[in-house]
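Taken together, the values in this text are just the output of simple stated rules run on the coordinates, not laboratory data. All values derive from a computational prediction rather than experimental measurement. Every residue, glycine as well, gets a Cβ built from its backbone with ideal geometry; the counts of neighbours run over all protein chains shown.
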Protein chains: 4
Amino acid sequence: MLRVGIVGGTGYTGAELLRILVRHPEVSLHAITSRSEAGQRVDDLFPHLRGQVDLCFTAPDPSVLGDCDLVFFATPNGTAMQAVPDLLNLGTRVIDLAADFRLKDPSLWERWYGMPHQCPELLAEAVYGLPELNRAAICDARLIANPGCYPTAVTLGLLPLLEAGVVDPSWVIADAKSGVSGAGRKASTGLLMAEMGESFKAYSVMGHRHSPEITQNLAHFAGAEVNLTFVPHLLPMIRGIEATLYARLTDPDVDLDQLYAARYAHEHFIDLMPGGHPDTRSVRGANHCRIAVARPGAGDVVVVQSVIDNLVKGAAGQAVQNMNLMFGLPESMGLESVALLP
Amino acid sequence: MLRVGIVGGTGYTGAELLRILVRHPEVSLHAITSRSEAGQRVDDLFPHLRGQVDLCFTAPDPSVLGDCDLVFFATPNGTAMQAVPDLLNLGTRVIDLAADFRLKDPSLWERWYGMPHQCPELLAEAVYGLPELNRAAICDARLIANPGCYPTAVTLGLLPLLEAGVVDPSWVIADAKSGVSGAGRKASTGLLMAEMGESFKAYSVMGHRHSPEITQNLAHFAGAEVNLTFVPHLLPMIRGIEATLYARLTDPDVDLDQLYAARYAHEHFIDLMPGGHPDTRSVRGANHCRIAVARPGAGDVVVVQSVIDNLVKGAAGQAVQNMNLMFGLPESMGLESVALLP
Amino acid sequence: MLRVGIVGGTGYTGAELLRILVRHPEVSLHAITSRSEAGQRVDDLFPHLRGQVDLCFTAPDPSVLGDCDLVFFATPNGTAMQAVPDLLNLGTRVIDLAADFRLKDPSLWERWYGMPHQCPELLAEAVYGLPELNRAAICDARLIANPGCYPTAVTLGLLPLLEAGVVDPSWVIADAKSGVSGAGRKASTGLLMAEMGESFKAYSVMGHRHSPEITQNLAHFAGAEVNLTFVPHLLPMIRGIEATLYARLTDPDVDLDQLYAARYAHEHFIDLMPGGHPDTRSVRGANHCRIAVARPGAGDVVVVQSVIDNLVKGAAGQAVQNMNLMFGLPESMGLESVALLP
Amino acid sequence: MLRVGIVGGTGYTGAELLRILVRHPEVSLHAITSRSEAGQRVDDLFPHLRGQVDLCFTAPDPSVLGDCDLVFFATPNGTAMQAVPDLLNLGTRVIDLAADFRLKDPSLWERWYGMPHQCPELLAEAVYGLPELNRAAICDARLIANPGCYPTAVTLGLLPLLEAGVVDPSWVIADAKSGVSGAGRKASTGLLMAEMGESFKAYSVMGHRHSPEITQNLAHFAGAEVNLTFVPHLLPMIRGIEATLYARLTDPDVDLDQLYAARYAHEHFIDLMPGGHPDTRSVRGANHCRIAVARPGAGDVVVVQSVIDNLVKGAAGQAVQNMNLMFGLPESMGLESVALLP
């Protein structure tokens, strides 16, 4: 059994980690920390966990966390980087669900997150935890930067096209839509149900923090700079991301369905739906990414639809997938629950 | 033209007052105050008002407000009572949309609202602004206590029964459900869309602030103490209240539809739907209260359904209805817009 | 491994049965029938089951069904009663998720469901499948009448009060609210999202089919006629039922929390939340019923809140719980998934 | 007073026409027809119109309709073209809210709508009723083809760019999202709340009927073929369309905000929000189109956000705007109600 700690268990990614880990056959929850809720029972805050977890939140304690095999950070950006070096020195491995170790270039971090990086020397070692891209490196990693939700949906959707070099990298569009749980569990007027319900809008059109992360991914496998326009939108619903991706074919003869099928042939959590229109509810609560590729009018425009649950494949589920790889467990262990539909 | 001021224009009742008043033919908006948003354009905060209102929020200024014929308070509970005495002395009439002047007994106020009353001497003069109950007094009032949203729906639903003395006052049940806008526009984790969406629950089962207000109303026209059990619930939607009310008939021969028709014969904003099931969307954005009375199995239980828009008949619309009465305008002026359905 | 068949697998209860059964360690799905979808892959209709079930819908075939250990009927009311006698004769046990075998009195069936009963001789043998009420009989049953969703929530909420005889049975109120999945997956203008979204209403105030079912349950353990007023409402959300129940105490000294704790001490799927306000999302996708009992103002009115997922404890989950009992499996096998929140 | 008829008053566009027309000071409703609901009171079907309209639906009667100054068709595609020639001969003017007269090329009509056109000779005369594009022609028209909802949002968003020739017409992307009322009020499993709620997906990726309509518009003012990729999506909400539009600048020096301001300087219903993120709720129930233009990173990609209420500016409101123009009334008469927010 793995001894596992969670730092920052009171947000939605923390709650989702708990939902998954309490049923994971190889995990023993050792500590769940929260400065604000220390002393409170976990299931008082999250009644869906009543009968599933018999722990209280505790204030973060390095000796307790250092006693874990693995610690997940489900904290605000900029928190993990303060504690990770010490934990690694104690031999504890780390998966950070925030953005602290995602960008390789510390100046990019500082520009987009508004603070200097505390341990830039770890950025090279940190492994970007997208198993479909980096599986081998993940298995051996001490420190995983768990991908953002939008970057997961967009990267998985575009990967086969850019890796194969069949589209023009100079103009790629990602029009992405997210449920409101992606904005986190923080008191904010703008996230009230009376503000977000029954309405829809784009946001951060001039630039979103996930943009450099996606661009870094795409450049990695495109082998060239990719000129991406990324526009996020907020959906009047709780869970799910859909990204509709547009690119221009440079090779008019490519068989798109075959290209995707070959690339993802051995990926358990990628489900291709040729000719389909994947909906977000088909992955609600599940770790799958469902993808459909289309070429309207047999023209030179490729349209890719990619859906995930932002809290599962876009956060906690992917983190557990990474954990399974790091500790030699079956990759899908604890992640086999069926999506909740309707 | 009436010169009108609004104190506290940044919440949902304030926004709704603006929506109605900008189209009211006899109103000139003189000032909209907000401490927190002073200097900001009103339509920057509320983009639906772009092109409708060309004002900025200002800090509250007694001389500006005293220059109005009427000031609406759309402020948190406990705010109006600090400013009202001075305004009345200046000859400005006041409609308070908060609770400050609703309860006649200052000790009840203190118990339910957790603070001593600042001007208990005005409580006797203040008129409870439910036109269907108090029209004559409203016309002459200097100070109106605009009813709460739940009390409006529940009182209008029960009034004919208790006034006629045909039900047992010793056990009356009000099971009320409200959209989330009723909780106001304040940053609170519990009101996030990710918390309130796709879920339903009761709250304040052990006692809600609107309970003494309703009881005070019912006792008024029942001529006796009414033993009310009031349970509010939160609906996963934005606007609307539905109250399902249960009482026990003491007179088995009463013709309920006739009783209601007679009582509300001249009420423009009460719409009776015999045999119907009024839905909240049928009053969305409108000042109507739609009511249906039923007697399942011809037994001795009366079931009343009463629906309103909590922000209109439950707040801003009723306030404008009161204003019209106070200033001798047609009662429905500015309140004739049709409900938005679907 | 049990060989299991599902008749009518295209509605929401059928889909929910599939979601649960595909992960059940002791079940082998033998056939899923649908007249309308025969030949279509199950996961074409229900994309959340992609990768989970490799079957097509088939036309109902008595020989195939008769080859099963157990057949679930997830069909419209009046369908199961035509096929059940033959299946029982073949030695196949049956759980009917529709209403065909719920009412003991065939004249009540005919009155509420508008058709004569096809096999009234089976009504005495059929066991009402509420394990918390009837566990022993369920274990030995050939034929289970799986309870309705409203009756499950209401009966579990009232059972301790009426069994202990501490409330007046002559006036009990059940104000129940259901998500729209309770109305089934049938093309109907009234169930469109543009009709049901952002609105709320009561329906069937003059009488609902679940009323006689609840009354039959209550009378069973109250040992007396119970005069119930049951008013159902439709919530603008998909899953979940909340019932707020009102009764009048005849014994003012009863300790309500203790009464419920004692009655449900050994019930795995009943979760008591003293002083709480259970929300429907806390049981979304789970087989639990969460209950809170309150006595506002220490008066003589008891208010019970009871929440379930209408498709799980209110239908498919309870059916699997019954199956586990019938075949000597652990009662919660396959039903341990954690509710999805947010 | 204009004598006005509505053919097909039972869908959402019909209901929305009624909501607007009952408050229009120059309109007298002469007839509302519906084959299926003939004889039923209009306000029985649409309770929000109680007290507003005192008519019953009638079966369509040419002599009654021919007695109107203007007839609106709010019918399924292919219905108006059967009745319009006779009405025009009788001197009655017509606004068709369906697609019958939108496409100038009858072969395009046949391909996308699956039936031959009944009166292709009227296609040249029919005026496409987008006032911001065609105001002069609308004033004199006998027959208006009222634009589709998506085409309105997309065309208004792209018009200044293509008219000015500052973007590359060979690759334009329109990623559009609509509330479910856009799919109409017809019984369909796919439109149930339990299917559409809390989920999101693209549809008709390979081609949607509004695509040729948009392309026809764009070519009209671009003076060249425009290669448009149009992908519609369904939002889990009722009203509103947001279109996010992407094009590539050919003139890097253009001042986009100025370009749009100049083009729409005199358009009452176009509201430009430089630097903003228009949300659909800001136009809920209103006839405005709110637009923001952005150029992320000062690069060569233009991102336009365009929002409308699909039932108002996307259907009934625009139809009334056209009516006002046709009959010499102020263009915004009856269309001044403020959007409903929250």
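In nm to one decimal, list the spacings between the C:ASP54 label point and its equivalents in the other copies, with label points set 7 Å along Cα to Cβ, shortest first.
Nearest first, the other copies' label points are 4.1, 7.0, 7.2 nm away.
Three principal axis extents, largest first, for the C-alpha atoms of chain A, in Å?
60, 44, 38
With the label 7 angstrom out along Cα to Cβ, how close does D:LYS104 come to the same site in each of the other copies, in nm, nearest first?
Here the equivalent label points are 5.3, 7.5, 7.7 nm apart from this one.
In whole percent, what relative contact order does the stretch D:217-329 give with Cα contacts below 8 Å and a gap of six or more residues?
Normalised by residue count, the contact order of the stretch D:217-329 is 28 percent.
Using a 10 Å cut-off around each Cβ, can you sort D:MET196, D:MET1, B:MET81 from fewest to most neighbouring Cβ atoms?
Taking fewest neighbouring Cβ atoms as first place, the list is D:MET1, B:MET81, D:MET196.
If one computes the Cα centroid of the stretch B:150-228 and of the stretch B:293-308, what distance in Å separates the two points?
A separation of 17 Å, based on Cα centres.
Report, in deg cm²/dmol and to the nearest 500, the calculated mean residue ellipticity at 222 nm for chain C, where each DSSP H run with n ≥ 4 adds -39500 (n - 2.57) and the sum is divided by the residue count. Please list the in-between numbers first.
On the way: 11 runs with 98 residues, N = 342.
Using -39500 (n - 2.57) per qualifying helix, the result is -8000 deg cm²/dmol.
For the protein assembly as shown, what is the percent of antiparallel DSSP beta bridges, rounded to the nearest 5?
Among the beta bridges of the protein assembly as shown, antiparallel pairing accounts for roughly 45 percent.
Return the inverse of the average 1/r over all pairs of distinct C-alpha atoms in the stretch B:2-125, which is the Kirkwood hydrodynamic radius, in Å to one decimal.
It works out to 15.0 Å.
Which loop trypsin sites (Lys or Arg not before Pro) in the stretch B:1-63, with loop taken from DSSP, have no more than 16 other Cβ atoms within 10 angstrom of their Cβ?
B:ARG23, B:ARG35
If each Cα of the protein assembly as shown is one equal point scatterer, what is log10 of I(q)/I(0) from the Debye formula at q = 0.04, 0.05, 0.07, 0.09 Å⁻¹?
Debye curve over Cα of the protein assembly as shown, log10 I(q)/I(0) at q = 0.04, 0.05, 0.07, 0.09 Å⁻¹: -0.24, -0.38, -0.77, -1.34.
Are there any trypsin sites (Lys or Arg not before Pro) in the stretch B:186-284 that are in a DSSP loop and have at most 15 other Cβ atoms within 10 Å? List them by number.
B:LYS186
Given a cut-off of 32 Å, name the pairs among B:LYS201/B:LYS313; A:LYS104/D:LYS177; A:LYS177/B:LYS186; A:LYS186/B:LYS201; C:LYS186/D:LYS104; B:LYS177/D:LYS186 whose C-alpha atoms lie farther apart than that in the structure shown.
A:LYS104/D:LYS177; C:LYS186/D:LYS104
Work out the length of the dipole vector of chain B about its Cα centre, built from +1 on the beta-carbon of each Lys and Arg and -1 on the beta-carbon of each Asp and Glu, and round it to the nearest 20 debye.
700 debye
Shielding of C:241-254 by partners, i.e. mean partner chain Cβ atoms within 10 Å per residue?
Whole-number average of other-chain Cβ neighbours for C:241-254 is 2.
Work out the mean other chain Cβ neighbour count within 10 Å for the residues of A:36-48 and drop it here as an integer.
Other-chain Cβ atoms within 10 Å of each residue's Cβ, averaged: 3.
Using only Cα atoms and rounding to the nearest 10 degrees, what angle (0 to 90) does helix A:317-326 make with the longest principal axis of chain A?
Once rounded, one gets 80 degrees.
In degrees, nearest 10, range 0 to 90: what is the angle between the Cα axis of helix B:149-164 and the longest Cα principal axis of chain B?
That works out to roughly 40 degrees.
How many partner chain Cβ atoms sit within 10 Å of a residue's Cβ in peptide A:172-183, on average, as a whole number?
Average per residue, whole number: 5.
Working from Cα positions, state the angle (0 to 90°, nearest 10) between the long axis of helix C:131-140 and the longest principal axis of chain C.
The two axes meet at around 40 degrees.
Can you tell which of B:VAL304, B:GLY328, B:ALA339 lies farthest toward the positive end of the dipole of the stretch B:250-342, using +1 and -1 charges on the Cβ of basic and acidic side chains (Lys, Arg; Asp, Glu)?
The Cα lying farthest towards the positive end belongs to B:ALA339.
Where in the stretch D:96-168 are there GluC sites (Glu not before Pro) that are in a DSSP coil and have at most 15 other Cβ atoms within 10 angstrom of their Cβ?
D:GLU125
Give me the base-10 log of I(q)/I(0) for the stretch A:213-342 at each q in 0.18, 0.20, 0.21 Å⁻¹, Debye formula, one uniform scatterer per Cα, rounded to two decimals.
Log-scaled intensity ratios, in q order: -1.18, -1.37, -1.43.
With 10 angstrom as the radius, rank A:ASP140, A:ASP175, D:ASP271 by how many other C-beta atoms surround their C-beta, starting from the fewest.
With the fewest neighbours first, A:ASP140, A:ASP175, D:ASP271 line up as A:ASP140, D:ASP271, A:ASP175.
Put the label 7 Å from Cα along Cα→Cβ for B:GLY165; what are its distances to the other copies, in nanometres, shortest first?
Ordered by increasing distance: 3.8, 8.8, 9.6 nm.
In debye to the nearest 20, how big a dipole does the protein assembly as shown give about its Cα centre with +1 on each Lys and Arg Cβ and -1 on each Asp and Glu Cβ? Provide the component values of the computation, followed by the final result.
Details: 100 positive and 148 negative charges, 0 e Å.
I would put it at about 0 debye.
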